[in-house]
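Q: My structure is below; once you've seen it, I'll send some questions.
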Amino acid sequence: MVTMKFLPDMYVNRCIACKGCEAACKTQNKTPENIRRIRVVTFNKGEPNETNIPMPCLHCTDPPCLHVCPVNVIYKREDGVVLLNKEGCIGCGYCLFACPFGAPQFEQLGAFGTKGKMDKCTFCVEPYEQRDNQGKLIKREPKPRCSLFCAAETLLAGDVKAISEKMRQRQGSTIFRSGGAAKTFLTF
Amino acid sequence: MGGYSRFSELRFSRRSFLKASAAATAGVLLGGYVTRDSSARLFEPVNAQEAESGTKLIKTICIFCAVGCGVKARVENGVLTGLEPWDENPINGGRMCCKGASIPSSVVNDRRLKSPMIKEGGKWRKVSWDGALTAIAKKMKDIREKYGPDAVFFAGSAHVTNEAAYLQRKFMAFWGSNNIDHQARICHSTTVAGLGNTWGYGAQTNNFNDMRHARCILFLSNPAEAHPVSFRHIYAAKRRGAILITADPRYSRTAAQSDLWLPMRSGTDIPLILGMANWILTNNWHDEEFINQRTNGFKYVKKVVEQYPPETAAEITGVSAEKIKEAARLMAQNQPSTIQYAMGATQHEVGTNNIRSFAILQLLLGNAGQVGGGVNAFRGHDNVQGATDLAVLANTLPSYYGLSDGAWKHWSKVWGVDYNWMVSRFASKDFMNKKGFTMSRWRDGVLAELELGQPSPIKMAFLWGHSTPSQAGMAIVKKAYETLEMLVIVDPYVENAAALADKEDGIVLLPASTTWESDGTVTASPRQVQWRNKVLDPLYDSKPDVIILLELAEKLAEVDDPGWKDFGKNYSKIPEDIYDKEIRVGARAIGMRQSTWRLKRQQEYDFAFDTETLRATGGPVHGEYWGLPWPCWNDEHPGTPILYRNDVPVADGGHDFRARWGTEAPDGTSLLSAIGGHPELNPDGTPGPGWKLDLTTEYRRLIAANKVPYGRGRARFWAWNLPDPVPVHREPLWTPRPDLAGKYPAYEDKVYGVHFRVKTKARSIQEAFINTRLYEKYPLIWTSGRQVEHQGGGSMTRSNPILSELQPEMYVEIHPRDAHDRGIRDGDMVWVSSPRGTEYGLTIAKAYVKARVTRGIRQGTVFMPFHWGGVFQGESYVRRYPKDTAPLVVGESANIIAPPGWDATTQMQTTKSGMCEVSKERPAE
């Protein structure tokens, strides 16, 4: 059993906001303007504790968006990836209400300024509205390009066990620091 | 758990996705995506499947900065559909920043120039390639007859392959003028002069991967934004305990990840470094053995350093003495330590001295020629190192041979042309040995308002892959464009110049392919040469740069001189022959002797290379270093990843400081290393310059004897041939501290004289600025830099829908204190102005941009990114672009504000320390 997760490293390989993840997502999934399946957020800009975090959909174990969807189009796969069946989506935006991370995206292209159908991170299993020649949505293996391309190696993705293993290795390797340089980072 | 039951009954009954997830599950059990190896292995079956379905994954190199990231382009039936990580590339391990990760949108883009165009009578007209090239060749001939060959200026490019860059230089040699230059002049020319004059070669000494071994890194630029992928190595160093120090007027993204921030005033790098050096000498932290054995002129440096105690440095730089002392201690007590820098240090009128001061600090600490040490100059464009080595430059022939008769004879021999014919191409033999106009001043050659070093002004110019927004003093550049008789712009996109110039006639646009549409080699910042595979056939009606140059030469053979027939005679296989038959044969002074088949073989055996050392284990590439960094003496040599290591044999990539200035300094001290020192050698082992002039030797005899062809010399603390033999502080020309300008004045005008063919001044500009009290009218320090989303002049990145969505804005960063004093709030549109251009009778320079109020900048300094164009002094010129070719996002060009300063050695422009005022009201004329 695997459980797909994202984990931005907040301690060692911290995000430098190069936005490689955002561009890789757009290149891979061909999402239109305004659809940001992943976004780098920065807080305390210009302050000593300036921090960037890449924010994709976190593919919750118990996803609130799934619970509130009035037409039950949001579902979770066996491997933990949260997806939706766009055909049935009514664009109400209730999922956006429920999501603690602002992950659901709306294109805002509908008539009279309506939101359009919801779109979200699919762990790269579904490009944006792309269909094969039989009209079926194209499905690919879960291989999130944001994580694969992440320049600072901040954003980890994959089976939660493998991620936690990687984080342990990273933090563990810092034990070998020497010569009074043990501080992860100083504030000043 | 109501939610759970609901989700299992409702969602898991769908067969369509069960099938998909089953396949995924099998793969994921191998270990997730989190490590390089597992992700590569995990998708092998998938990749194989895709290959069967007609999908090709082509290994190639990113087209933006000089980190040299590799990526696999996914091509389905000839269409570029996306990217996959090239995990085995040891430089980036498959990682990309936003520019690299969106290359498909930069290459395949509807806003590209689709066919050659000519502007006539104010209208853009499509023409055939033949028509356009004929028109250009005829005009060139016409100019030669009326004004002589020096009336043509050629701006080449750092964004082309090595082969194209080399042909650009050869093209102007065949034409008979040294008026050729490119981005490196306004980028790292001071690195070449600064490092070259210290220890022999002017290039990044170590490499990105090697920074993993550093225990302290001093940043003088902002690699987190300008070279993001290098951070994977910097973080590796940090995980092992390295201390990061950032010296920058901005609290940059690099500073945010650093342990210590030194918020220095722009233009005070030298006192900062000398202040640190002073504290190092005071505490005896310097490496005496290293200094005695491998350097020359320590006593001169000591005398200068003694004048800059940390307190004095603090007074000049604005960084507290405690921080300077702490930085010095960290650098000295966490060795090996390295210095990293980029434009923030090079783009000053004292750029060469800035860079020399970094090298001096590393020599004092014994960090030069060490793993994890050295001076890491991060270069900006994908092939700027290659274009510099192959000399798209006004002051040298390829491989830094200079412009002497010997140099011309050497290259005439390589090209297989008669030296006397070469002489006949020039206006006179004098002009053959005389440096040409540079990128930073060629506009003065057009306007001819100052004393020039040639009889005729420039009448025709090529902009071959060079941008306009990166040139300082944009209003003057605009005027120069408008004065030219013909402006030829060769670019995949329509460069700003085509629209900026308010000109009815005489602009020719040629659509070059991007570098993903042809094969070629590309040199990353650490001298690593990589083979860049062609991904696509040239799109639209574009052609690769090499082909355009060869075709233009054919046209010139018809209208100008039959000698042009020899231009491409050696090339039966393009581009390999250009490299193997000429570059490899001639570029001996830097040992750029990699064969293309070795580069291709490295690409095939990429998995054999180690990320830590860049060295291959096993296979046919066993022992080679990635990219065969020059000097790479012959086909058995592994390349030299770290310059000046004398602790490994020459055959293993060792060598020593270059014995470039003879065996004895003017004061009689030795310039040969105390450890096996010897002068430069002939191939037979006798002293002499034969190593760089013999066209056949493979250096086997010298390498077997562990001799370095160019000698084993000493690094120079004391560079007696430079205006300042030891760097000293000099106040910027436009200074906010007139009180310091008396003690630390700019160079006297006579240091320059007629410099690179144009009269250049410094001291009188500084005095005029102070005497007219302009520092009161323009009290804010102005500096410029990069945005991660854009590159260079931005024609390409600002046309890319992904990047223009990620960063749609030009802005000025300003401290809340400065902003609020002026009634400016975050997001307000403001005017940034400076007195630049008034000396040419123009109005004051101004830019209308959005204010970004942030504490992340030193109070009293403002920052503007320089990638923008499309708006000139508040007015859009988008309408002057040919239909549907204007970039998606436009903004003011920052460099219009830059001060009139130029480096005394290389004529680098000053674009990092100017003065300006920011106001909500449009400034009065």
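Okay, residues lined up against (1) among the hydroxyl-bearing types (Ser, Thr, Tyr); (2) surrounded by fewer than 22 Cβ atoms within 10 Å (Cβ to Cβ); (3) part of a helix (DSSP H, G or I):
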| site | (1), (2), (3) |
| --- | --- |
| B:590 | no, no, no |
| B:619 | no, yes, no |
| B:637 | no, no, no |
| B:640 | yes, no, no |
| B:666 | no, yes, no |
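Q: Within region A:121-180, which residues are modelled with pLDDT of 90 or more, within 30 Å of residue A:107 (Cβ to Cβ), of a type outside the set (A, V, I, L, M) and part of a loop (DSSP other than H, G, I, E, B)?
A: Passing the criteria: A:121, A:122, A:123, A:124, A:144, A:154.
Q: Now for a separate question. What's the number of the condition residue B:340 fails, among (1) more than 22 Å from residue B:913 (Cα to Cα); (2) assigned by TED's automatic domain parsing to the domain that holds residue B:277?
A: Condition not satisfied by residue B:340: (1).
Q: Say whether the condition of being outside any loop (DSSP other than H, G, I, E, B), modelled with pLDDT under 95, within 9 Å of another protein chain (Cβ to nearest Cβ) and touching a Phe, Trp or Tyr at 6+ places or on another chain (Cβ under 9 Å) is met by at least one residue in region A:84-97.
A: Looking through region A:84-97, none of the residues is outside any loop (DSSP other than H, G, I, E, B), modelled with pLDDT under 95, within 9 Å of another protein chain (Cβ to nearest Cβ) and touching a Phe, Trp or Tyr at 6+ places or on another chain (Cβ under 9 Å).
Q: Within region A:37-62, can you find the residues that are outside any strand (DSSP E or B) and within 17 Å of residue A:82 (Cβ to Cβ)?
A: Across region A:37-62, the qualifying residues are A:37, A:38, A:56, A:57, A:58, A:59, A:60, A:61, A:62.
Q: Still on this structure, please answer the following. Kindly evaluate residue B:440 against the criterion of being in the same structural domain as residue B:169 (by TED's automatic domain parsing), assigned to a loop (DSSP other than H, G, I, E, B) and under 30 Å from residue B:68 (Cβ atoms).
A: yes
Q: Check residue B:143 against each of (1) within 14 Å of another protein chain (Cβ to nearest Cβ); (2) surrounded by 17 or more Cβ atoms within 10 Å (Cβ to Cβ) and name the one condition it does not meet.
A: (1)
Q: Looking at region B:212-231, which of the residues that are surrounded by fewer than 24 Cβ atoms within 10 Å (Cβ to Cβ) and not in a loop (DSSP other than H, G, I, E, B) is nearest to the other protein chains (Cβ to nearest Cβ)?
A: Within region B:212-231, the match that is nearest to the other protein chains (Cβ to nearest Cβ) is B:225.
Q: Same structure, new question: Can you tell me which residue within region A:42-54, out of those that are surrounded by fewer than 20 Cβ atoms within 10 Å (Cβ to Cβ) and either under 13 Å from residue A:7 (Cβ atoms) or polar (S, T, N, Q) (or both), is farthest from the other protein chains (Cβ to nearest Cβ)?
A: A:53
Q: Let me ask something else about it. For region B:258-364, please list each of the helices (runs of 4 or more DSSP H) lying entirely inside it that holds at least 1 residues being within 14 Å of another protein chain (Cβ to nearest Cβ) and free of Cβ contacts under 8 Å to residues at least 40 places away in the same chain.
A: Filter on region B:258-364 gives B:321-333.
Q: For region A:126-170, which positions are at the interface with chain B (Cβ under 7 Å from one of its Cβ atoms) and without any contact (Cβ under 8 Å) to a residue 24 or more places away in the chain?
A: Selection gives A:139, A:141, A:143, A:162, A:166.
Q: Follow-up. Which ones in region B:239-253 are of a type in the set (Val, Ile, Thr) and more than 8 Å from every other protein chain (Cβ to nearest Cβ)?
A: B:245, B:246
Q: Looking only at region A:5-35, filter to residues that are closer than 15 Å to residue B:101 by Cα and more than 7 Å from chain B (Cβ to nearest Cβ); which one of those is surrounded by the fewest Cβ atoms within 10 Å (Cβ to Cβ)?
A: A:30
Q: Looking at residue A:71 and the list (1) under 26 Å from residue A:162 (Cα atoms); (2) within 13 Å of chain B (Cβ to nearest Cβ), which single condition is not satisfied?
A: The single condition residue A:71 does not satisfy is (1).
Q: Right, another one. Hey, could you check region B:403-430 for residues that are outside any helix (DSSP H, G or I) and farther than 20 Å from residue B:584 by Cβ and say which is nearest to the chain's Cα centre (by Cα)?
A: Looking at residues that are outside any helix (DSSP H, G or I) and farther than 20 Å from residue B:584 by Cβ, I get B:403.
Q: List the number of the failed condition for residue B:195; all other conditions in (1) more than 14 Å from every other protein chain (Cβ to nearest Cβ); (2) within 21 Å of residue B:792 (Cα to Cα) hold.
A: Status for residue B:195: all satisfied but (2).
Q: Looking at region B:244-256, is at least one residue of a type in the set (A, V, I, L, M), closer than 18 Å to residue B:367 by Cβ and part of a loop (DSSP other than H, G, I, E, B)?
A: No - not one qualifying residue is present in region B:244-256.
Q: Sticking with this one: Checking residue B:368 against (1) assigned to a loop (DSSP other than H, G, I, E, B); (2) more than 24 Å from the chain's Cα centre (by Cα), which test does it fail?
A: (2)
The values are calculated or read from the model by the stated rules, or taken from the named source; none is laboratory data. Everything quoted here is computed from the prediction, not taken from an experiment. All Cβ positions, glycine included, derive from the backbone under ideal geometry; neighbour counts span all protein chains shown.
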